[in-house]
Structure formats: structure tokens, C-alpha cells
1. Out of the range 23-43, which residues are surrounded by fewer than 14 Cβ atoms within 10 Å (Cβ to Cβ) and not aliphatic (A, V, I, L, M)?
2. Which one of these does residue 175 not meet: (1) at pLDDT below 85; (2) within 13 Å of the chain's Cα centre (by Cα); (3) among the aromatic types (Phe, Trp, Tyr)?
3. Quick one: in the range 44-57, which of the residues that are out of contact with any helix residue (DSSP H, G or I) (no Cβ under 7 Å at 6 or more places or on another chain) and surrounded by 13 or more Cβ atoms within 10 Å (Cβ to Cβ) is farthest from residue 139 (Cα to Cα)?
4. Out of the residues in the range 108-131 meeting the condition of being in contact with a helix residue (DSSP H, G or I) (Cβ under 6 Å, 6 or more places away or on another chain) and either outside the structural domain of residue 54 (by TED's automatic domain parsing) or closer than 30 Å to residue 154 by Cα (or both), tell me which one is surrounded by the most Cβ atoms within 10 Å (Cβ to Cβ).
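The values are calculated or read from the model by the stated rules, or taken from the named source; none is laboratory data. From a predicted model like this one, the values you see are computed outputs, not experimental measurements. Cβ placement follows ideal geometry from the backbone for every residue including glycine, while neighbour counts extend to all protein chains displayed.
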Amino acid sequence: MSKPPQATGDSLEMGFLDHLEELRTRIFKILAAVIICAVGSFVFSDSLIDLILLPSKNLASDMTIQVLRVQGVLMLKMWVAFAMGIVLSIPVLAYQFWAFVSPGLLPDEKRWAPWLVVSVSLFFIAGAAFAYFILVPFAIRFLIGIGTAEIEKNISIEYYTKFVVQLMIASGAIFQMPILSFILTKMGLLTPKFLRKYWRYAVVIILIVAAFLTPPDPVSMIMMGIPLLFLYELSIFVSRLALRSKVEEETS
């Protein structure tokens, strides 16, 4: 009886190259989605900018938003459109990520795809909404209120817009923590016992992550750290559910 063919160095190399080619294709599709969504968002960039400026009008009547460069408005419209392109392409990003890793998963695990795409999108929207309705107003009220009445609050529209958009995108990204916990638990890389055991270290890491993701002020960091702690507890609960369902699938 003939022996089965053994994998050679060339076949292994081709397999690795095939993975790289697939990864390149997935990244290209994500970039294409971002560009298409950004171009479409540019048409509505004026309305998006008005929406971003709304918290400053409602909370800081003595604050003046200024354009400090001749090309400032055009660059702002392009930057807002690009940021919105990233946000709108989140479902595409989630699907492409799933399509890349799904060949190495079990048939039961591949059923997560619709849940993953929908959950990533909904949690991102929830995080962005938290930043827009709670974090941004609180930060503006506190930071603009510092100082005496003689100090004029003249803020560059570019800095202000980046401040708001950065908080919204960072908050949307942070709200993915429970989903990441579910996926890692299903893959056997994480357990609720591990999360509960090292919660003290997690608090320190959470504050460090909040400091990097938020604008450089302690108020935004602390306000971002509060939902992070809640999301960490939610991640433990989600990890427990994922572990339970995994055990049931293995025993059935």
C-alpha cells in the first residue's frame, strides 16, 4: 500500500503565502469599504459637523468655535468624512475578520458569524452613543468651566471635532470587550475564573488603556474608566455563558 504524500517545504510555504494573499484581499476589501463610506459621508459632512458641534452649543454658551486656517473647513470636512467612513464600515470589518478566521473553526462555531457582525455593530453604536450623550457633555462642561470669566474660550474647530470624534470611536472600540471575551472563551483562550482572579490587574490595565484612547485630560480618562469597569464585569458574565454553551456542545 502506497504511503500518503507528505507535506513538503514548498507546500507549507505555499500555504503560508495563500494565507498572506487572503489577508491582503480582506484588508483591501476593508479599505475599499472605508473609502466608499467616506466618499458618501462627505456629501453629508456639513450635517455631521453640525451634529458634532451640538454639545458645545447646548452646554457652553461662552465658548466660541473658530476656524484658524484658510483650508480649515475643507480639511475638517474630509477628516469627518473619513472618520464616518471607518464607523460605517465596522460591519464589513467584522465580517472580513470572521471570514479570515472561520476556516479554522468547527462547524458549530461558524454559526457565530451573523451574531458577531450584528453584535460588533450594536456595541459600537452603544459605545459611541455613551460618549456623545454622557462623556462629551460632562467633559465639555468641566473643562470649559475651569478658569475665570476673563479667559476667553476660543476653541479651534479642528481640535474640538477631533476631541469629540476620538472619544466616540474610542468608546465604541472599548465596548467590544464583552464580544472579545465571548470569542476568546469559545476558542479556549479565556475563562471567567481567570478574569475574576486577575481583576485587580485588569483595573490598572483598564485605566492605562483609557488614558491612551481618550484625549489627554484626567476627566476623560476617569469617565472612560467607569464604563470599562462595568464592561469588565459584563465580560465575566459573557465568558461564563460562553463556557457553559461550549461545555454543552462538547457533551452533546
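1. The answer is 24, 25, 28, 40.
2. All conditions are met except number (1).
3. It comes out as 44.
4. Per the stated criteria, the residue is 131.
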